[in-house]
1. Quick test for you: out of Gly154, Gly172, pick the one residue that is in contact (Cβ under 8 Å) with a residue 12 or more places away in the chain, surrounded by fewer than 16 Cβ atoms within 10 Å (Cβ to Cβ) and under 25 Å from Leu106 (Cβ atoms).
2. Would you point out which residue out of Tyr42, Tyr85 is crowded, with 16+ Cβ neighbours inside 10 Å, modelled with pLDDT under 85 and not aliphatic (A, V, I, L, M)?
3. Report, by residue number, each residue of region 129-149 that is surrounded by 19 or more Cβ atoms within 10 Å (Cβ to Cβ) and not in a strand (DSSP E or B).
4. Can you name the condition, by its number, that Phe119 falls short on among (1) in a strand (DSSP E or B); (2) at pLDDT below 90?
5. Does at least one position in region 75-82 carry a residue that is modelled with pLDDT of 75 or more, of a type in the set (Gly, Ala, Ser) and over 30 Å from Asn206 (Cα atoms)?
6. Go through region 18-42 and give me each residue that's more than 15 Å from Glu52 (Cα to Cα) and of a type in the set (A, V, I, L, M).
7. With the condition kept exactly as written, say whether any residue in region 200-208 is part of a helix (DSSP H, G or I), hydrophobic (A, V, I, L, M, F, W, C) and in contact (Cβ under 8 Å) with a residue 24 or more places away in the chain.
8. If Arg199 passes every condition in (1) under 20 Å from Gln147 (Cα atoms); (2) buried (at least 17 other Cβ atoms within 10 Å of the Cβ) but one, which one does it miss?
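The values are calculated or read from the model by the stated rules, or taken from the named source; none is laboratory data. Note that the coordinates shown come from a computational prediction; the quantities given were computed from them, not determined experimentally. Every residue, glycine among them, receives a Cβ derived from its backbone with ideal geometry; neighbour counts consider all protein chains shown.
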Amino acid sequence: MDIIDRVKYQGPNDVFAWRWPHDGLVWGTQVIVNQAQQAVFYKNGKALDVLEPGRHTLKTANIPLLEHIVNIPFGNETPFAAEIYFVNKAVNLAMKWGTQEPIPILDPVYKVFVPVRAFGQFGMQINDAKKFVAELVGTVDEFDAEQVCDYFRGHLMSRIKDFIAAKIVNDGISVLTISTQLNEMSAALKQDISAEFNRFGIEIVNFYLSSINVPQDDDSVVSLKGMLAKKAEFELYGEHYNTVKTFDVAEQAASNESEGNVAGAGVGMGVGMGIGNQMMNMSADMMNTGVTNTDARHKPEFNQSSQGNKIDQASTNTCSNCQKSLSENAKFCPDCGGTATLEQHNKFCIGCGCEISTSANFCSSCGTKQR
């Protein structure tokens, strides 16, 4: 047995517990404990005395429990075997956790099953070094943050899954809006999981539920997003929703027709005729209400001041001598006896103002019936 007269921490910086690799000690050996550490003496499967930060000389006065199980003849210089664990009591805030598999939960608002994932982190500190070594570390040489997470993963996931599911179902909160409750849920979960950690000498300093989300490519999520998009579209268009969707169908049908889809072409024709009828009805309504404000370039000879006259008048009867207007059936002028002459004039559509044949009953440009 090698006799060690000086013991100090020489392990990694990111572990919670590290065992001194030698066990040959004598009364009088110096033990150096760094700040934010404690040294736990471990013998015969039991955690005994604990030394606080500082320089300590092993003697019966400062490790009384060890004295009772160590033979100390020959002036207290007999070597004895004992293990020393250095326990890091600094706060570790980077303990990350996450659900490995999504949690299937029935959304209480939309009544569909949605897979839910949760992620976060917590901070912990060893508040009872002797209990931590005796109950958790055991006989391993090092015990780090990953081993702590592995040990408590089952407990954490069980409590977190149950809590999130109960919160969503009992409070009637949709999975899509549960993120507004993260702070409240984090505080409640910290209290819920602390008891199990305290049993092993660990204090939960803080606990954060950073994210609750759903896989975007999951079929149920895609379906739910589609339903919400339709709902938002309906609320946006209101009473005009059906009209807007009709035009969308027509556009899609036209696209199918251009790709050679016969069935799509048929649908497009039917829908197009329906839309055409709607447009014609709208035009008729506009004409009935006197809305005939078309581009003046199409009817330059339309006189706004003579709206009472028939703009479709095709001819007038005048005297060939004095140019006086005569009745339609007059053959001679009653004033000068001149011969009556029937003059032909251009005819314009009452709907769009385009020039048309004097004998036309319907406009060849817009289809409006002439009076």
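1. Exactly one of Gly154, Gly172 is in contact (Cβ under 8 Å) with a residue 12 or more places away in the chain, surrounded by fewer than 16 Cβ atoms within 10 Å (Cβ to Cβ) and under 25 Å from Leu106 (Cβ atoms), namely Gly172.
2. Details: Tyr85 fails: modelled with pLDDT under 85.
Result of the check over Tyr42, Tyr85: Tyr42.
3. Hits for region 129-149 are Ala129, Lys130, Phe132, Val133, Ala134, Leu136, Val137, Val148.
4. (2)
5. Checking region 75-82: at least one residue is modelled with pLDDT of 75 or more, of a type in the set (Gly, Ala, Ser) and over 30 Å from Asn206 (Cα atoms).
6. Result: Leu25, Val26.
7. Taking every residue of region 200-208 in turn, none turns out to be part of a helix (DSSP H, G or I), hydrophobic (A, V, I, L, M, F, W, C) and in contact (Cβ under 8 Å) with a residue 24 or more places away in the chain.
8. (2) is the only condition that Arg199 fails.
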